[in-house]
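What follows is one structure encoded as structure tokens, with my remarks underneath.
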Amino acid sequence: MQKSRGEVDYLRISVTDRCQLRCLYCMPPEGVPRLEHREILRFEEIARVVWVAAARGFRRFRLTGGEPLLRRDVSALVRLLAAVPGVEDLSLTTNGCLLAREAAPLKEAGLRRLNVSLDALDPGLYRRLTRGGDVGLVLAGLEAARRLGFAPIKLNAVIVAGVNESEILPLADFARRRGFIVRFIELMPVLGSGSRPAPGFLSGERVRRIIGARYPLEEASGIEGGGPARYWRSGDLTVGFISPLTCDTCRSCRRLRLTAAGGLRTCLFSEEESDLKTALRSGAGDGEIARMLDAAVAAKPVRHMVSSPDSGSIRMSAIGG
């Protein structure tokens, strides 16, 4: 069973495969082979894909990486995309390390929403999880974004049992006090990491029970974003759970993915992709690009291929996880 074009209106765009962190659930300590600059889509190529996608009914667009703020002058790309007719929602996912510097240019360029990865508030634990990162930079970036009026700001946390499980409640408390939304993401298999870099998969339901012991949670709806998260509220706290391995989030997935190298993918867990970059650089017209988008939508499965915490693997930095 496949999805129809009307059910897919969200394009997630990786603008670089590079990242200054080496999160232990994302890549090995030495990193992964990096793409040459010429292999990465140019801003005008990304903008053209967005123009065509918006004309085909896509309304939501998210910039990711790697770390998108490592791409030079990424605010110029935001300005290009914010001006495209039909773009109703333009957002960005970042690790937050450069956000204090880039928040104002991004806001001025037309960006309104941010997702920031934050797996721990404890400086030592954050340094361990990211293999050298400074959580103070992330917190400064979050404060800058909050002051500038970005809303909503969502925190993304991957919880690894036995590693940062102790951070669940501190992250929830922090989000509540600052007016952020916190989302907990199940640990997923990652290419190049062996079997698992950390000793514990923890289900979203288990995390929800931990939070629910302190905050009486009630299911919530109407949270801006259009992604696979399921949201709960308790007073000033809004918390989301992204559970691709234990819950059927695929039926609500409305996304295609454009990799930094110009590959069009139907699913984070699929290695099959259409080569948009070659089409763009060989003179393909808008009609051909539109047909490639339509074909990807038609091929989008209603369920991913990873059925358990121990099957399959993905390379997040290459495809904008």
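Nothing in this text is a laboratory measurement; each read-out follows from the coordinates by a stated rule. In this text the structure is predicted, and so the values were computed from the model without any measurement. Please note: Cβ atoms are built from the backbone with ideal geometry, for glycine as well, and neighbour counts cover all protein chains shown.
Key figures
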{"read-out": "Pairwise FRET efficiency - Glu30 versus Arg112, Cβ, R0 = 30 Å, nearest 0.05", "value": "0.25"}
{"read-out": "Estimated 222 nm signal from helices in the chain, with DSSP H stretches of n ≥ 4 weighted -39500 (n - 2.57), rounded to 500", "value": "-9000 deg cm²/dmol"}
{"read-out": "Cα-based helix-to-principal-axis angle, 135-148 vs the chain, degrees rounded to 10", "value": "70 degrees"}
{"read-out": "Inter-site label distance for Ile210 and Glu271 at 7 Å from Cα along Cβ, in nm", "value": "3.3 nm"}
{"read-out": "Cβ-Cβ FRET estimate between His37 and Asp236, R0 fixed at 51 Å, reported to 0.05", "value": "0.70"}
{"read-out": "Using alpha-carbon coordinates, inclination of helix 99-109 to the longest axis of the chain, degrees", "value": "40 degrees"}
{"read-out": "Stokes-Einstein translational diffusion, the chain - Kirkwood Rh over all Cα pairs, 1.002 mPa s, 20 °C, in µm²/s", "value": "108 µm²/s"}
{"read-out": "Between 0 and 90°, nearest 10: helix 286-299 axis offset from the chain longest Cα axis", "value": "50 degrees"}
{"read-out": "Mean separation of Cα contacts under 8 Å, 6 or more apart, over the residue count of the chain: relative contact order %", "value": "23 percent"}
{"read-out": "Residues Ala298 and Arg127, FRET efficiency given R0 of 45 Å [Cβ-Cβ distance, rounded to 0.05]", "value": "0.50"}
{"read-out": "Antiparallel bridge percentage (DSSP; both residues within the chain; nearest 5)", "value": "30 percent"}
